[in-house]
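Contents: one structure, followed by commentary.
The values are calculated or read from the model by the stated rules, or taken from the named source; none is laboratory data. Source: prediction; values computed, not measured. Heads up, the Cβs are rebuilt from the backbone with ideal geometry, glycines too, and the neighbour counts pull from every protein chain shown. Each accessible area value is taken on the protein alone, full model and side chains, heavy atoms only, with ligands, DNA and RNA left out. Shrake-Rupley method; radii C 1.70, N 1.55, O 1.52, S 1.80 Å.
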Amino acid sequence: MRGDGILGRDAEGSKAEVTRKRKWLKRRERWLVILGVFLHAVYMLGIFDIYFKTPIVHGMDLVTPRFSAPAKRLVLLVADGLRADKFFEPDSKGDFRAPFLRSVIKRKGKWGVSHARPPTESRPGHVAIIAGFYEDPSAVTKGWKANPVEFDSVFNRSRHTFAFGSPDIIPIFCASLPHSTWNTYPHEFEDFATDASFLDEWSFNQFQNLLNRSYDDSKLKEMLHQDNLVIFLHLLGCDSNGHAHRPYSSIYLNNVKVVDHIAERVFTLLEDYFKDNRTAYIFTADHGMSDKGSHGDGHPSNTDTPLVVWGAGVKSPEQISSNDHSDHTVRFIDEHAHDMPTPIEWGLNGIERLDVNQADIAPLMSTLLGLPCPVNSVGNLPLGYINMNKSEEVEAVLANAKEVLNQFLRKSQIKQSHSLSFKPFKALARYSSVLDQIEALISVGNYEGAMKLSENLRSLALQGLHYFQTYDWLTLMSVITLGYIGWMVYLIFHVLQSYTSVPGYIFKEQAGRHGNNSRKVYSCGCLLMGVICVLLILEHSPPLYHAYFAMTVFLWTQIINEYHFIKALWTCLCGRPFTRILKLLATFALSIFILEFLVNSFTERKLYTWCFAIVGIVAFFYLSNLIPGRSGIPIFVCFACWFLSVFTLMPAEIPDNNQLVIGSGAIIIITGAVARWLDMHSLGNKYWLSICCPEMKRPRFPMLFHLQALLVGLASMMVSLSTSHRAEKQELLASHQLINWSIAGFSMVLPLFSDNSLLSRLTSIFLGFAPTFLLLSIGYEAVFYGALGIVLVAWILFENTLLHLNPVKPLSSSMQNMEEHLLAENDVRYLQLSDLRISLTFMVLFNVAFFGTGNFASIASFEISSVYRFITVFSPFLMAALLIFKLFIPFMLVICAFSAITKLLRIPRLGCYFLVVVFSDIMTIHFFFLVKNTGSWMEIGNSISHFGIMSAQVVFVLFLFALTNIYTKDIQTRLAKPLSQKTM
């Protein structure tokens with residue numbers, strides 16, 4: 001016989017069987033939740049094995065240069081946060097801000113733009129300049145502060161390094177370097193309220209004092225006269241002044257003159273001290289500065305930094321007749337167009353410009369000093385800067401290529417020793433013959449041919465490094481993706497078997513053969529996992545690799561164990577009319593479209609504006625056609641959607657607006673008053689009756705609504721008082737603090753004493769959390785709270801209308817008996833295909849709660865001033881707890897409405913929760929492939945946050961379900977139809 005569940009066939013069973021099934025169901029769901037938590041925790045760690053694995057390897061041999069060192073010592077000046085345009089362009093009077101370095105560019109050395117790679121931050125920039133590689137991606141997990149892996153640098157190869165500057169930079173390279181002399185100023189010196197150019201003067205004075213001491217210290221003087229010496233001055237002033245005053249400020253622009261003057265004094269000081277013309281000088285910056293005084297992303301204002309090189313071993317300036325660069329074929333790593341004419345205002349059009357990637361500076365320094373390149377360097381030696389003959393140029397490029405090749409060979413060796421079926425990088429299979437060919441060309445003086453082969457060898461070695469860096473990606477991503485798919489399929493089977501009218505004969509067919517088949521399937525699964533574990537052990541794979549494979553094998557073993565169910569399900573589906581199959585496919589396609597919409601909404605909040613604007617119109621016409629006669633419900637639903645659509649056009653950084661917060665208190669009270677009036681006057685209106693008081697009786701606490709409205713008004717008044725004190729730079733009064741805490745705590749308890757009719761309880765919950773939310777609000781998010789509450793009521797009205805107006809069909813006698821048993825036990829009915837809209841709507845509204853007033857995955861949503869009405873003394877844990885609770889309140893409203901709708905429609909809430917988990921994991925898979933390991937910290941962090949948020953939703957939503965169940969467990973609704981009938 002046909003019913004109307006997802007499969008359409010009815011299951012028969014006695015009351016005892018139903019009771020037994022319910023006990024089995026509870027046990028199974030308990031384990032499903034535990035399995036889901038464990039699975040998502042394990043797979044979440046997978047992104048670090050795939051995307052954030054260190055590129056650094058150890059054990060390579062140094063490549064000793066076969067040419068004489070052009071310079072005896074090298075001075076590296078890094079002006080932290082100095083933009084290229086602000087360095088090269090003239091000021092408003094037409095004078096250039098760096099006159100000394102401009103004279104160097106025109107008469108003594110070479111110049112260009114050094115292109116940094118995001119994240120354009122101080123540590124990654126200095127690592128690229130001094131060590132020649134782009135920051136270890138695994139460092140993102142440690143905030144780039146500690147050294148996750150020890151790496152080689154130019155300082156390591158030097159005979160001695162002298163370094164002075166910031167405590168955040170100098171120790172990274174010198175703290176564990178025995179042949180270094182260094183000093184840093186205290187962190188307290190970095191005060192954004194002052195002109196930070198004095199930090200640059202401090203670094204210069206430290207170096208000047210060092211030279212002065214050498215006249216009285218013979219050991220120091222002897223050390224200073226050694227070869228392979230590096231002097232590093234870190235000049236932080238531009239960075240601090242850019243953050244505090246913006247790069248267009250007079251303080252920042254004056255700081256450019258300061259660093260130019262320091263470069264001049266360092267040059268004069270050293271030339272007078274050594275008098276041997278054996279010093280090379282490099283002036284550059286680690287990153288630029290955006291117009292807003294920030295940095296980190298890949299905008300040209302952050303990636304473009306000046307580079308000026310002069311002194312021993314450096315070519316002289318060359319005049320050119322065109323504006324074209326000589327390096328137009330180089331592809332720069334920040335992926336911006338750099339093969340552009342030099343801006344006319346720079347006044348350098350006639351002088352050759354040589355742009356480099358930031359990591360190219362390390363091999364440049366090593367070559368000038370005649371040192372081996374840092375063993376982890378991936379920089380390309382910029383020959384245009386170095387004054388060498390042809391044979392030395394070839395030897396320098398060959399040494400650079402061999403250094404990268406050694407990294408490739410070491411990675412290949414490590415991977416081959418751990419792999420049972422090693423797949424080599426074929427392009428370098430005959431690298432030794434290429435090296436022999438290069439040596440042969442050098443020996444016969446064919447330097448041009450040797451140069452081309454060396455450059456090609458280096459390019460192939462870099463490709464090989466990337467090949468081994470991503471060697472395990474396909475395997476790991478396939479296993480984890482299969483695991484997610486297996487989890488979703490297993491959950492869908494559970495929902496079909498436990499919450500739908502699955503054909504009874506499926507269970508009968510399974511009963512006879514389940515035992516033998518299960519043993520065979522589990523035995524094969526264990527055998528397969530055993531083989532995989534042995535292979536992983538032989539390949540020395542990390543322990544987490546075993547967990548990834550184990551979870552995936554376990555899930556697919558469970559799915560294969562349901563073979564007879566799958567077969568019967570397929571047979572059942574094949575017997576359905578084509579229109580039903582088409583409807584199933586259309587529902588699936590629409591669900592995927594909505595989920596992909598939600599994925600894109602994580603990066604584009606404005607999509608919700610279009611979503612709710614369109615939904616409001618569609619719902620209006622749909623309900624107008626559905627409801628006979630005149631009704632205000634279509635207008636109300638349309639208004640609610642349009643009202644909410646406004647908020648995702650607002651900025652994520654919420655501006656302060658005290659009047660808006662106070663005014664929103666009035667909106668909340670009016671909304672609550674209208675809901676109470678409808679609750680009391682719903683008699684005779686069938687569209688409101690089932691969500692209002694089931695019986696006309698006196699409320700348990702008649703004055704409860706008035707008390708809650710009073711607390712909302714009092715909270716609005718305290719917002720005004722607390723903010724006015726803060727605006728006058730006065731401390732928050734202890735009495736105000738006590739009142740605010742009391743209002744927030746007391747108001748959240750009151751909903752427990754409200755009437756248990758659906759609308760009455762939800763109105764009380766809405767009013768109960770409003771005072772707390774108002775006290776934690778600083779702007780338009782307070783109005784958003786009211787708009788979200790109105791939309792949730794519109795959702796309930798929409799579902800209630802469908803419940804009343806959809807046609808009904810009596811069930812067969814056997815199905816009626818089964819249905820009565822289920823309703824007696826759990827007061828629920830079976831899930832239908834159309835019930836998917838409940839879970840999908842929940843997903844949309846839950847995400848609107850994420851992004852309606854900002855970005856939960858971004859720091860922009862955490863405005864610290866939100867907690868100032870509760871606490872002003874810095875307390876990170878309490879402040880963080882208050883901020884997180886504020887963000888949780890909209891989620892709790894959505895889940896309370898969701899729970900109320902499941903009670904209204906008599907559908908199992910836990911079954912809907914499992915559908916929500918399935919939908920969440922479809923989005924999780926998408927975000928899994930969107931995780932970034934390059935780009936700015938914000939881009940990397942947001943990509944991890946998006947993946948982590950969706951992965952954690954299985955726990956997050958379950959926790960909020962448990963929390964809100966305190967308020968919603970006793971909600972009662974009047975049955976719209978007899979229990980023996982069910983909507984189609």
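Observations on the model:
- Among the residues of region 536-565, those that are free of Cβ contacts under 8 Å to residues at least 24 places away in the same chain and farther than 15 Å from Thr475 by Cα comprise Ile537, Pro543.
- The set of residues in region 183-218 being aromatic (Phe, Trp, Tyr), under 22 Å from Phe267 (Cα atoms) and within 45 Å of the chain's Cα centre (by Cα) consists of Phe198, Trp202, Phe204, Phe207.
- Members of region 620-661 that are of a type in the set (Ser, Thr, Tyr), part of a helix (DSSP H, G or I) and modelled with pLDDT under 85: Thr648
- Residues in region 216-237 that are open to solvent by less than 70 Å² (accessible area, probe 1.4 Å) and part of a helix (DSSP H, G or I): Leu220, Met223, Leu224, Gly237.
- For region 572-582, the criterion of being open to solvent by less than 40 Å² (accessible area, probe 1.4 Å), modelled with pLDDT under 90 and more than 37 Å from the chain's Cα centre (by Cα) is satisfied by at least one residue.
- Of residues in region 56-92 being open to solvent by less than 20 Å² (accessible area, probe 1.4 Å) and of a type in the set (Lys, Arg), the one farthest from Ala399 (Cα to Cα): Lys86
- Within region 386-431, considering residues that are open to solvent by 40 Å² or more (accessible area, probe 1.4 Å) and in contact with a Pro (Cβ under 8 Å, 6 or more places away or on another chain), the one nearest to Phe468 (Cα to Cα): Gln416
- Region 14-55, subset in a loop (DSSP other than H, G, I, E, B) and open to solvent by less than 30 Å² (accessible area, probe 1.4 Å), residue modelled with the highest pLDDT: Tyr51
- Taking the criterion of being over 29 Å from the mean Cα position of the chain (by Cα) and open to solvent by 10 Å² or more (accessible area, probe 1.4 Å), the residues of region 760-788 that qualify are Ser760, Leu762, Thr763, Phe766.
- Considering residues of region 750-759 that are open to solvent by 10 Å² or more (accessible area, probe 1.4 Å) and assigned to a loop (DSSP other than H, G, I, E, B) only, the residue farthest from Tyr967 (Cα to Cα): Asp755
- Residue within region 383-398 that is in contact (Cβ under 8 Å) with a residue 60 or more places away in the chain and under 17 Å from Tyr134 (Cα atoms) present: no
- Residue under evaluation Ser240, criteria (1) in contact (Cβ under 8 Å) with a residue 40 or more places away in the chain; (2) open to solvent by 10 Å² or more (accessible area, probe 1.4 Å); (3) in a helix (DSSP H, G or I), criterion not met: (2)
- Of the residues making up region 369-385, those that are open to solvent by 10 Å² or more (accessible area, probe 1.4 Å) and not hydrophobic (A, V, I, L, M, F, W, C) are Gly370, Pro372, Asn380, Pro382, Gly384.
- Within region 911-970, tally of residues that are hydroxyl-bearing (Ser, Thr, Tyr) and open to solvent by 30 Å² or more (accessible area, probe 1.4 Å): 2
- Residue that is most open to solvent (accessible area, probe 1.4 Å), among those in region 243-259 that are in contact with a strand residue (DSSP E or B) (Cβ under 9 Å, 6 or more places away or on another chain) and among the aliphatic types (A, V, I, L, M): Val258
- Some residue of region 341-361 being within 24 Å of Ser432 (Cβ to Cβ) and open to solvent by less than 10 Å² (accessible area, probe 1.4 Å): no
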